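The values are calculated or read from the model by the stated rules, or taken from the named source; none is laboratory data. Please read all numbers here as calculations on a predicted model, not as lab measurements. Virtual Cβ from ideal backbone geometry, glycine too; neighbours counted across all protein chains shown.
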Amino acid sequence: MRIALAFFLSALSLPSFALNVFASEPEWAALAQELGGDKVSAISATTAFQDPHHIEARPSLIARIRNADLVVCSGSELEVGWLPLLLQQSGNGRVQPGSPGYLEASQYVVKLEVPRILDRSMGDVHPGGNPHIQTDPRNIARVAVVLAERLAQLDAGNAAVYRSRAESFGKRWKEAIARWEQQGARLKGMPLVEHHKGFTYLINWLGLREVGNLEPKPGIPPTTSHLAELVEQMKQAPAKMIVYSSYDDPKAAQFLSQRTGIPSVMLPFTVGGSDRAKDLFGYFDDLLARLQAPPQ
Ligand SMILES: [Zn+2]
């Protein structure tokens, strides 16, 4: 009877993956899945419709981390409000910061907007530099190399699989970047207003020009007086578009758009943020499409 039950339970738990990956954001879950294929089961704690700065540390997420072999986060204090708590509550020693089962993606890219003077009293939610590195595909390429090696380290038996998948992904990604850069070339210098400083890396990559933010400071909601200033500023020097992310409240962007006649455009913040952004390739395809011909 016992044997039968054990067999039944093991059959229930099929398919068994070599590695369980807990990603803080959808882009890292998507990348782990690209690199791990059927050896990896990756889940994301957040969706493209949630502000990754602030989510609730739900018990279901603690349970997920308890079973994780690898935690991948953006880092740079993006998840400071919830991930440390989840890690602590999970009691999973394999995925604590400093262990091979913990990977902070932003440590492997050149960070932008790193403040010279740290001043949390101003309410800035980017004290460690801008953490939203996923909007530049070159950053994804850098993290892919590190992530693939980490998968190989944690699951040596399948190391060859991870390395070969990484090579294939790297090749396809490089070709895609060339295509996106070609599409983006005509956008160079385009002035835009952004809700949050969520697309700093995209703006830097394509050479766009951010001329204002709806938030007076990253993480501080738009105020009436700040929006009034932007209306005046747009009369003097109009931007080409007002962008907000899939998780931002669109009201402030719509307000400024109505007052100025400048189109407001939703950009998916990450994988899953629009119908087309089904995976990492679709994500950038959609970003480039929306920047070139904003949906009316
Ligand atoms: Zn932010």
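General observations
- Among the candidates Ile140, Ile65, Ile117, residue that is away from the ligand (no atom under 13 Å from the Cβ) and in a loop (DSSP other than H, G, I, E, B): Ile117
- Residues that are without any contact (Cβ under 8 Å) to a residue 40 or more places away in the chain and assigned to a helix (DSSP H, G or I) were ranked within the stretch 246-284; the one that is farthest from Lys235 (Cα to Cα) is Gly282.
- Here Ala228 passes the criteria (1) surrounded by fewer than 16 Cβ atoms within 10 Å (Cβ to Cβ); (2) over 30 Å from Ala176 (Cα atoms); (3) in contact (Cβ under 8 Å) with a residue 12 or more places away in the chain; (4) among the aliphatic types (A, V, I, L, M) except the one numbered (3).
- Filter result for Ala237 (free of Cβ contacts under 8 Å to residues at least 12 places away in the same chain and either under 20 Å from the mean Cα position of the chain (by Cα) or more than 20 Å from Val110 (Cβ to Cβ) (or both)): no
- The single residue among Val125, Val110 that is among the hydrophobic types (A, V, I, L, M, F, W, C), surrounded by 13 or more Cβ atoms within 10 Å (Cβ to Cβ), at pLDDT 95 or above and in a loop (DSSP other than H, G, I, E, B) turns out to be Val110.
- Only residues that are in contact (Cβ under 8 Å) with a residue 40 or more places away in the chain, out of contact with any Lys or Arg (no Cβ under 8 Å at 6 or more places or on another chain) and either of a type in the set (A, V, I, L, M) or over 20 Å from Val21 (Cα atoms) (or both) were counted across the stretch 152-171, and they come to 2.
- Note on the stretch 172-224: residues that are assigned to a helix (DSSP H, G or I), within 16 Å of the ligand (Cβ to nearest atom) and crowded, with 18+ Cβ neighbours inside 10 Å amount to 4.
- Within the set Glu113, Glu79, the sole residue that is at positive phi and not basic (Lys, Arg) turns out to be Glu113.
- Residues of the stretch 53-67 satisfying the condition of being within 22 Å of Gln33 (Cβ to Cβ) and in contact (Cβ under 8 Å) with a residue 40 or more places away in the chain: Arg64, Ile65, Asn67
- Checked against (1) within 17 Å of Ala30 (Cβ to Cβ); (2) buried (at least 17 other Cβ atoms within 10 Å of the Cβ), Pro131 passes all but a single condition, namely (1).
- Test: residue in the stretch 240-262 that is over 19 Å from Met190 (Cβ atoms), in contact with a strand residue (DSSP E or B) (Cβ under 9 Å, 6 or more places away or on another chain) and of a type in the set (D, E, K, R): yes
- Ala228 outside any helix (DSSP H, G or I) and of a type in the set (A, V, I, L, M, F, W, C): no
- Within the stretch 68-96, if we keep just the residues that are without any contact (Cβ under 8 Å) to a residue 12 or more places away in the chain and assigned to a loop (DSSP other than H, G, I, E, B), the residue that is farthest from the ligand (Cβ to nearest atom) turns out to be Gln96.
- Among (1) charged (D, E, K, R); (2) closer than 20 Å to Ile242 by Cα; (3) in contact (Cβ under 8 Å) with a residue 40 or more places away in the chain - the single one Lys188 does not satisfy: (3)
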